[in-house]
Amino acid sequence: MTGRDTRILDPNLVALRRERKVHYPAADPFHPPEAYPEYLWGSGARQPDNRVYPMVRELLFYLGLDRSNYGTREWNPFGEFIRPGDKVVIKPNFVTDLHRTHPQWAEARLALFTHGSILRPLVDYAFKACGEDGFITICDSPLEEPRPESFKNIAHLSGTQSMVDRLSRMGVPLRLLDLRDGIHTFCDSIGISFKLPGDPLGYTVIDLGSESLLEEILEDFEKFETGTWKQVSDYHYPGHHFYSIANTVLDADVFINVPKLKTHKKTGVTLCLKNIMGISNRKDWIPHWRRRIDEYKNCDPFYIDLLKSAFNTNSHLSQKILTQFIKIAKIKLNGYGNWHGNDTIWRIQVDLNKILFFADKHGVLQSEPQRRYFTVIDGIIASEGDSPLEPQPRSLGAIFAGGDPVAVSKVGCDLMRVDFRKVKKIIRAASLKEHAFSRCNLDQIRVVGDDPATCAEPFKMPENWELLAVEMP
């Protein structure tokens, strides 16, 4: 079943739960603390310390999902948008397992990725809705880095692998899938590649063409960069914008997005829209910044060339001259586009959300949404500061959910005390005319459950980040 009528949730409604002293349960597979009436395994194993499960359960009630059956064996909240036999994709944020500055600090590692205890109730309720004839896939494509084992490590540290193994033995049609078919990156300035098994259904290359928001900055297409040795302009040039998408995602009937609540050094915040970058296996095709344009502030291109020449010279004198020049000219250097002036990467995030909602199983964009959508954000331990790779953990104790990615992202901004009107991807996604995947009105969003005003706390933003007024064409 496709079409806009399948999105039954009010796009302006977001449910929020917060408990200040909540923590991730210590032991997988994250059974609920009590045998709820609708629980599929009756009075089976329970984990009294698991407060995450009931928090997610309460969100579904607050959203009004199958409210008439709540408290009975028949309560089937995801039955509102998951049909028997459906293929369901659950997409966590599995960016990396390695905290760059605190590799041994457990709480810092838990700020990097979605925790398995958030995923467990989503799997339970998805299984109740799709049944034994359906199928559930938890999948992601982690950061491009020269460590093929990163996905396996995240799955272990988050408790997701053990949970999947246990539930599979209990009869749940469930798998955990690394969507990367290879790694294409740098290691000590040397381009390297690893082959990985990847998606068993393969991948589809989609050309967004003039639908891509990159069309607005095409005068700079030869300056697109991604952090590998790939020539990104081979995949993005006038009239053509290619993305490689996992077929398991395109084949899904339902997509459940489970991001982490994070700040982000290139886009300010992560939330729902950024998490969709993980449906692509070829991040080396994706422009993350533009040379010169997204790297330097208050500097004429002539001086940029001069600076690059100086950086490529290792003499002490040239570096000293360079330092003085930067100081006198008040030039801000932000390598790799890691600052608020990055005007490239947010466009890709909107592009990929268009694909997620509107591309059919063959990768062709249709006029109506092709899969049903739900999102839950893990803010139990959130990330602030230089995220996503060196975040400071923030014990926020929050989980929130809804059926519209822009509405839920707006509430995420409210929780971090970030002015959503200054986050380009949110404002632009909310104002799309063609292939508009959001139906919310940003001025009419209602939060049920906890009051975000009482839980909102200012987050420390990444270094060199200051939210500026958004200027849209």
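Which ones in the range 57-107 are farther than 26 Å from residue 40 by Cβ, hydroxyl-bearing (Ser, Thr, Tyr) and surrounded by fewer than 17 Cβ atoms within 10 Å (Cβ to Cβ)? Correct list: 101 only. Taken across the range 70-80, residues that are in the same structural domain as residue 34 (by TED's automatic domain parsing), in contact with a Pro (Cβ under 8 Å, 6 or more places away or on another chain), touching a residue at least 60 places away in the same chain (Cβ under 8 Å) and in a helix (DSSP H, G or I) do not occur at all. When the range 229-288 is filtered for residues that are under 28 Å from residue 111 (Cβ atoms) and of a type in the set (S, T, N, Q), the ones remaining, listed by number, are 248, 257, 263, 267, 270, 275, 280, 281. Every listed requirement among (1) surrounded by 22 or more Cβ atoms within 10 Å (Cβ to Cβ); (2) β-branched (Val, Ile, Thr); (3) assigned to a helix (DSSP H, G or I) is met by residue 245 save one, (3). Taking the range 126-175 as the range and being among the aromatic types (Phe, Trp, Tyr) and surrounded by fewer than 23 Cβ atoms within 10 Å (Cβ to Cβ) as the test, only 135 passes.
Restricting attention to the range 359-386 and to residues that are of a type in the set (Ser, Thr, Tyr) and within 12 Å of residue 271 (Cα to Cα), the residue that is modelled with the highest pLDDT turns out to be 375. When you look at residue 354, is it modelled with pLDDT of 95 or more, within 30 Å of residue 209 (Cα to Cα) and in contact with a strand residue (DSSP E or B) (Cβ under 9 Å, 6 or more places away or on another chain), yes or no? Yes; evaluated as a whole, the condition is true for this residue. Among the residues that make up the range 36-50, is at least one of them under 26 Å from the mean Cα position of the chain (by Cα), modelled with pLDDT of 95 or more and crowded, with 17+ Cβ neighbours inside 10 Å? Checking the range 36-50: at least one residue is under 26 Å from the mean Cα position of the chain (by Cα), modelled with pLDDT of 95 or more and crowded, with 17+ Cβ neighbours inside 10 Å.
Helices (runs of 4 or more DSSP H) fully within the range 251-339 that include at least 2 residues being at pLDDT below 75: 301-311, 316-329.
Within the range 236-276, can you find the residues that are farther than 18 Å from residue 353 by Cα and aromatic (Phe, Trp, Tyr)? Residue satisfying the conditions is 237 alone. Restricting 437, 459 to residues that are under 22 Å from the mean Cα position of the chain (by Cα), among the aromatic types (Phe, Trp, Tyr), farther than 16 Å from residue 412 by Cα and modelled with pLDDT of 90 or more narrows the list to 437. For the range 396-427, name all the residues that are touching a helix residue (DSSP H, G or I) at 6+ places or on another chain (Cβ under 8 Å) and surrounded by fewer than 21 Cβ atoms within 10 Å (Cβ to Cβ). Residues satisfying the conditions are 414, 419, 421, 427. The set of residues in the range 197-253 being touching a Pro at 6+ places or on another chain (Cβ under 8 Å), touching a residue at least 24 places away in the same chain (Cβ under 8 Å), among the aliphatic types (A, V, I, L, M) and under 19 Å from residue 425 (Cα atoms) consists of 214 alone. Here is a check on your reading of the model: is residue 178 surrounded by 19 or more Cβ atoms within 10 Å (Cβ to Cβ), within 19 Å of residue 275 (Cβ to Cβ), in the same structural domain as residue 374 (by TED's automatic domain parsing) and free of Cβ contacts under 8 Å to residues at least 40 places away in the same chain? Judged against the criteria, residue 178 is a match. Given the criteria more than 23 Å from residue 246 (Cα to Cα), surrounded by 16 or more Cβ atoms within 10 Å (Cβ to Cβ) and within 20 Å of the chain's Cα centre (by Cα), does residue 386 qualify? Yes, satisfied.
The residues of the range 134-184 that are in a helix (DSSP H, G or I) and among the aromatic types (Phe, Trp, Tyr) amount to a single one, 151.
Taking helices (runs of 4 or more DSSP H) as the structural unit, those lying wholly within the range 402-473 and holding at least 2 residues that are under 18 Å from residue 377 (Cα atoms) and among the hydrophobic types (A, V, I, L, M, F, W, C) correspond to 405-416, 452-455.
The values are calculated or read from the model by the stated rules, or taken from the named source; none is laboratory data. Quantities reported herein were computed from a predicted structural model and do not represent experimental measurements. Note that each Cβ is placed from the backbone with ideal geometry, even for glycine, and that neighbours are counted across all protein chains shown.
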